[in-house]
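Written below as structure tokens is the structure these notes are about.
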Amino acid sequence: MATVSSSDIQALQSLAQRVALLQPSTSDHIHLVAFTAGALYSLARAIQCRFDDSRMKPDLDEAPRELAKVLNRISASKEPPNPWLSGYFIDSAMLRLDALGEKLGKKIGPRHPLGPEVPQAVNDMKHTPDARIAEGWDVRFSHVLHEAEQVVALLEKAVPGPKKAAV
């Protein structure tokens, strides 16, 4: 059962269109826009791979078999299965959005602009030996998309957009 709706896809497309309007000119701006593009791409790929929120609490009995399949495919220069890829890409999006939230929070505020779910999952990935996968994470696709919206809104304040025509 897919967690992502057509309105989520449209929201992601809209975010990409908004970022595409920005006009980065400094290395700082270019980095922020590029890193945001990576987060949005990761979300798009998670959608394409049919991400489901159930991946946020893995089946620990099935996980070793899934990892064996993933690693066998990688060792054969083949792409891993979509369910695993969807989790990979949502993790990539969360890591990027958390970093962007920290950077933009320091740059333009507020200091901690993201809600608690994405930063907590990222903190677990980075600092907890088992990343708390046995407990599962509270974060859902809707949280990650919401944080992308927050980051893009901050990015629009930090990076110049198109110049308005003089009337």
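Side notes on the structure shown:
- Per residue, the average separation of C-alpha pairs within less than 8 Å and at least 6 apart gives the chain a relative contact order of 33 percent.
- Whole-number Å³ per residue for the convex hull built on Cα positions in the chain: 140 Å³
- Here the calculated FRET efficiency for Arg111 and Glu66, from their Cβ-Cβ distance with R0 = 35 Å, stands at 0.35, rounded to the nearest 0.05.
- Relative packing of 131-144, 89-102, 44-57, 16-29, which averages over residues the other C-beta atoms within 10 Å, highest first: 89-102, 44-57, 131-144, 16-29
- Annotation: lysines with alpha-carbon distance below 27 angstrom to Lys78 (same-chain offsets under eight excluded): Lys57, Lys69.
- Legend: P(r) of segment 29-101 from all alpha carbon pair distances, 10 Å bins from 0, whole percents, reading 20, 42, 29, 9, 0.
- All aspartates and glutamates inside 13 Å of Lys126 as judged from Cα atoms, apart from same-chain residues fewer than 8 positions distant: Asp91, Asp98
- Cα centroid separation, segment 130-149 to segment 17-46 (Å): 21 Å
Laboratory data are not the source of any read-out in this text; all were calculated from the coordinates shown. Bear in mind that the values here come from a model prediction, so they are computed numbers and not experimental data. Neighbour counts are summed over all protein chains in view; Cβ atoms, including those assigned to glycine, are modelled from backbone coordinates with ideal geometry.
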